[in-house]
Amino acid sequence: MTTNILLAGFGGQGILFAGKVLAYSGLAEDKQVSWLPSYGPEMRGGTANCSVCISDEPIGSPLVLSPDILVAMNTPSYDKFIDAVVPGGLAIVDSTLVDRKCARTDITVFYLPATGLANEKELQGLANIILVGKMIAERSFVSFESIDHAIDKCVPARKAHLVEANKRAIALGKSL
């Protein structure tokens with residue numbers, strides 16, 4: 001089974017980090033993975049998206065054009081990618097920053113006020129990880145144990161104080 005994921009938003013929202021956590025979780029389960037970041041020249045505040053493929057078989061292309069799962073953290077990303085989600089797919093939208101509702105009836109869409117929840121729960125900057133928690137809760141293509149392991153691996157040593165906050169963000173997303 002192959003899961004194609006597209007995470008998209010503004011630079012600085014942790015899109016690439018969330019993709020890296022997903023890719024590492026696949027590696028922890030001995031799956032085939034690809035992680036392909038893409039961002040505008042502005043980096044912070046510019047557009048950013050990340051294609052992640054996690055599979056039990058070899059991956060043909062690292063570029064996700066038709067995602068099984070879309071995470072949209074801003075309106076431009078939502079507008080650009082919502083129609084690309086495959087029928088039967090999943091979209092998880094940060095409703096704090098995206099005020100649109102999807103008219104499609106052939107996909108499942110969750111609207112989570114992730115940025116608002118992150119600020120409210122003292123998890124500033126971790127809306128991305130809240131959305132990853134919801135994603136894994138809905139489509140268990142990797143285990144939460146693998147996500148925890150990936151967080152341990154992906155959070156750099158200079159930010160080790162954020163490991164537990166990231167794990168709380170995953171748990172919050174899982175509970176929504």
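The values are calculated or read from the model by the stated rules, or taken from the named source; none is laboratory data. In this text the structure is predicted, and so the values were computed from the model without any measurement. Reconstructed Cβ throughout: ideal geometry from the backbone, glycine too, with neighbour counts over all protein chains shown. We work out accessible area using only protein heavy atoms, side chains counted, and drop any ligands, DNA or RNA first. Shrake-Rupley method; radii C 1.70, N 1.55, O 1.52, S 1.80 Å.
For the reader, a short list of remarks on this structure follows.
- Filtered residue count, the range 50-64, keeping only those that are modelled with pLDDT of 95 or more and surrounded by 12 or more Cβ atoms within 10 Å (Cβ to Cβ): 9
- Count of residues meeting criterion [of a type in the set (A, V, I, L, M, F, W, C), open to solvent by 10 Å² or more (accessible area, probe 1.4 Å) and in contact (Cβ under 8 Å) with a residue 40 or more places away in the chain] in the range 65-85: 2
- Scanning the range 92-137 for residues that are in a loop (DSSP other than H, G, I, E, B), touching a Gly at 6+ places or on another chain (Cβ under 7 Å) and in contact (Cβ under 8 Å) with a residue 24 or more places away in the chain gives Thr96, Gly125.
- Restricting attention to the range 103-120, the residues that are under 26 Å from Tyr24 (Cβ atoms) and open to solvent by 20 Å² or more (accessible area, probe 1.4 Å) add up to 4.
- Figure legend. Inter-residue proximity from the range 146-159: first residues hydroxyl-bearing (Ser, Thr, Tyr), second residues not in a helix (DSSP H, G or I), beta-carbon distance below 6 Å, spacing 6+ or different chains. Indicated pairs: Ser146/Glu29.
- The range 121-164 - residue that is closer than 25 Å to Thr3 by Cβ, charged (D, E, K, R) and more than 16 Å from the chain's Cα centre (by Cα) and, of those, least open to solvent (accessible area, probe 1.4 Å): Asp152
- Subset of the range 13-42 that is of a type in the set (Ser, Thr, Tyr) and open to solvent by less than 30 Å² (accessible area, probe 1.4 Å) - its residue that is farthest from Glu57 (Cα to Cα): Ser25
- You will find that of Glu29, Glu42, the residue that is acidic (Asp, Glu) and modelled with pLDDT under 95 is Glu42 and no other.
Conditions tested, residue by residue: (1) in a strand (DSSP E or B); (2) farther than 23 Å from Val155 by Cα; (3) out of contact with any His (no Cβ under 6 Å at 6 or more places or on another chain).
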residue: Gly12; (1), (2), (3): no, no, yes
residue: Gly19; (1), (2), (3): no, no, yes
residue: Ala23; (1), (2), (3): no, no, yes
residue: Ser38; (1), (2), (3): yes, no, yes
residue: Asn49; (1), (2), (3): yes, no, yes
residue: Val52; (1), (2), (3): yes, no, yes
residue: Glu57; (1), (2), (3): no, yes, yes
residue: Val64; (1), (2), (3): no, yes, yes
residue: Pro67; (1), (2), (3): no, yes, yes
